[in-house]
Amino acid sequence: MRIALITIGQSPREDVMGELRRYLEGVEYLELGLLDGLSEEEISSLKAEGSEIEYVTRLRSGEEVRVSRRKLEPLLERKLNSLRGVDLAIILCTGEFEVSPKIPLIYPWEIMASIVESLNPRKLGVIVPLQSQIGYAHRRWGSLCEDLKVCSWSPYRDREPDLRELADRQLVIMDCIGYSIEHEKLVSRFTSALILRARPAIGALLRVLRRIW
């Protein structure tokens, strides 16, 4: 089995791969970034305009950048369709994209959504990186619970969060691939809820794939 791991920023993403690598033992993989090889001007041109959905990611330097989902989609489709000898791809992002790849493409947010559906929490909390993503998060997660609270906190900035509003939640979704185990520990100071992150969700899938592929 050969897997492509695709970040929407620049590769390598050692912050992400440092946590995922243990799930990849015995698996051949390559890591790619949608912004690899782009100039500062080209990256700047990918900013969201107006009410476009924007995602946040990281450059190789560690710098946070915001990008338009619409503008990333052709980059993602070209990257996917240029792959050779790859069995499937995993997007290292919890966002959604409208693309038509020639190989299976796994979206971490779909794994997380299926877990939420199985647990069926009444009170759900969601943490997103950007204030501008709060409405988007309500549209994505609102149908999976009776009572939803969404707050923003970027994993790419050195800022202590204030997440007291999540204290009464039964389940909290950390809706960005950038959130680490250290971020999870910070969230646990504010709530006793079960906390779901993207990286362990991807890891669980990789464990299954290693057994059946």
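No lab work stands behind these numbers, since they all come straight from the coordinates. Just so it is clear, the structure is predicted and the values come from calculations on it, not from any experiment. Positions of Cβ are backbone-derived with ideal geometry, glycine not excepted, and every protein chain shown enters the neighbour counts.
Where the alpha-carbon atoms of the range 22-69 are placed on the principal axes, they occupy 45, 22, 16 Å, in descending order. On the principal axes of its alpha-carbon atoms, the range 110-197 has extents of 33, 26, 22 Å, going from largest to smallest. Over all orientations, the chain has a Cα convex hull whose mean projected area works out to 11.7 square nanometres. Legend: Rg and Dmax of the range 44-143, from Cα coordinates, 15.1, 44 Å. Our compactness index for the range 48-104, the C-alpha radius of gyration over the empirical 2.2 N^0.38 Å, is 1.24. By the helix-only formula, in which each DSSP H run with n ≥ 4 contributes -39500 (n - 2.57) and the sum is divided by residues, the chain has a 222 nm mean residue ellipticity of -9000 deg cm²/dmol. Taking the average, over residues, of other Cβ atoms within 10 Å as the packing measure, peptides 167-174, 24-31, 85-92 rank 167-174, 85-92, 24-31 from highest down. Straight-line cross-link partners of residue 102 among the aspartates and glutamates, defined as a Cα under 15 Å from its Cα and at least 8 positions apart when in the same chain: 73, 77, 87. Compute the long axis of helix 108-119 from its Cα atoms, compare it with the longest principal axis of the Cα atoms of the chain, and write down the angle in degrees, 0 to 90, nearest 10. Once rounded, the angle reads 30 degrees.
Taking 19 Å as the straight-line reach from the Cα of residue 71, the aspartates and glutamates in range (excluding those fewer than 8 positions away in the same chain) are 36, 40, 41, 42, 49, 52, 54, 96, 98. For the chain, set up a GNM with springs between Cα atoms under 10 Å and report which of 93, 176, 145 has the largest fluctuation. Ranking 93, 176, 145 by mean-square fluctuation puts 145 first. With the simple model of a label 7 Å out from the Cα in the direction of the Cβ, residue 204 to residue 78 spans 3.6 nm.
Taking the Cβ-Cβ separation of residue 211 and residue 30 as r and a Förster radius of 22 Å, what is the calculated FRET efficiency to the nearest 0.05? Working from the Cβ atoms, E equals 0.55. Rounded to the nearest 5, the antiparallel percentage of DSSP beta bridges internal to the chain is 15%. Give the residues of the range 86-111 whose amide nitrogen is closer than 11 Å to a point set 7 Å from the Cα of residue 2 in the direction of its Cβ. Output list for this probe position: 86-88.
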